[in-house]
Structures are given as C-alpha cells and as structure tokens.
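What follows is a set of notes on a single structure, which appears directly below.
The values are calculated or read from the model by the stated rules, or taken from the named source; none is laboratory data. Keep in mind that this is a model prediction, so the values were computed, not measured. Virtual Cβ from ideal backbone geometry, glycine too; neighbours counted across all protein chains shown.
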Amino acid sequence: MAQDQEKMKSMIAFKKRLEDQLEKLNVEVKEVQDTLDTVNLILLEKGFKRGDIKTVTVVAESAPLPKEVVLPTPAVEPSKPTVVVESETVIPLKTMAEEPLALMYFEKQTIHVMPDETKKFKITIPPFSTFLVEKVFAKMQEKDKELVRLGQLAPDKLFNYNIVKEGDLIREIIIKNVDDE
C-alpha cells in the first residue's frame, strides 16, 4: 500500500513538472510570436518606400468580386464591359533601392494593388498569408463585422478584400470599403 502511495506521489510530481514545462513553453511561444510580429512591422515600415503620387485616368469595370479569383490560362480574352472613366490616385511601391514592387490605385473607397509584372509574388509567401491576410485583413474584417452587429456600420460598408491570382501568383489585391481608420 505504501508503495502505491509513493507511485501516486511520484506521478503527481511528474504531472506538475509537465504542466510547469508546458506553461513555460507557452510563455516562450507568445514572446517569440510577439517578436515576430514586431519584426514584420519593422520590415513593412522600413522595407517599402512610398513613391511619387500621380493622378491618372483609368477605365473602371463593374462586376461583383469574390474573395479569391483564379485566373485561367489566357487563350482568347472576351471583350469586357466598361463603365465610366474616373480619375484616381496612383502610388508606386518601391524598395529602398528604388526597385518597383507594385502600384496602388486609389478610387473612392477601393484600393487596387497591382504587383509589378516583373515580380513573381506567390500567395504562399509567409509575410503575405500569415501577416497581411491573417493578421491585418482578418482583424479589419472582424472590427467591421462587430460594428455592423452593433448597428454602427452599414453592411454594405463592411471592409472586404479580394485576391486575384493566376496559379499561386498574386495578380491583384482589391481592398473595398477602406476608410481613414
């Protein structure tokens, strides 16, 4: 009987050590995640240089946009219906070495980000999916959904984004219902 009690005490002590170790590892994971988030923010701030702002005239297309669009391999392009010609602001995104990365087109409450055609930005790159989509865009959508639920935001003003891709290459990111916040 005394031997069984000793085994139980030993198992309880072992369980306690495992729980303590798990708690330490969870704290370490949180610290590493916070550090990674900080590094991502620094990279975003320091890695991109805002280019000159230009105003250009483009032809806008009208069509509802799904969350993600996969472009087929182009064979013959059908003619696209066009709407009104609008003036919009264009900002080139460049690296610190002035290498072009993308163009951002601003129109009303929509931003179009068009990666430079010479670049091959894949949807699977970690900063894109883990940071921009999962952290930034998802949090913005959550915030707007809560505002809609509380009646402080109209459902048609809900933050929304669409990723147009060809295979696993990003062709365009369309961000709708963008405001100053």
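Just a few scattered comments:
- Tally, over the stretch 124-145, of residues that are among the β-branched types (Val, Ile, Thr) and over 10 Å from the mean Cα position of the chain (by Cα): 2
- Here is the figure for the stretch 95-120: residues that are surrounded by 17 or more Cβ atoms within 10 Å (Cβ to Cβ) and either in a loop (DSSP other than H, G, I, E, B) or not hydroxyl-bearing (Ser, Thr, Tyr) (or both) total 9.
- Contact map, the stretch 116-133: first residue more than 22 Å from Glu98 (Cα to Cα), second residue surrounded by 13 or more Cβ atoms within 10 Å (Cβ to Cβ) and aromatic (Phe, Trp, Tyr), Cβ cut-off under 9 Å, separation 6 or more or different chains; pairs are Val133/Tyr161.
- Qualifying residue in the stretch 166-178 (condition: under 29 Å from Asp34 (Cβ atoms) and outside any strand (DSSP E or B)): yes
- Residue among Leu101, Leu71 that alone is modelled with pLDDT under 80 and within 18 Å of Ile163 (Cβ to Cβ): Leu71
- Comparison of Ser62, Ser79, Ser129 shows that the only residue that is polar (S, T, N, Q), at pLDDT below 55 and closer than 18 Å to Val164 by Cα is Ser62.
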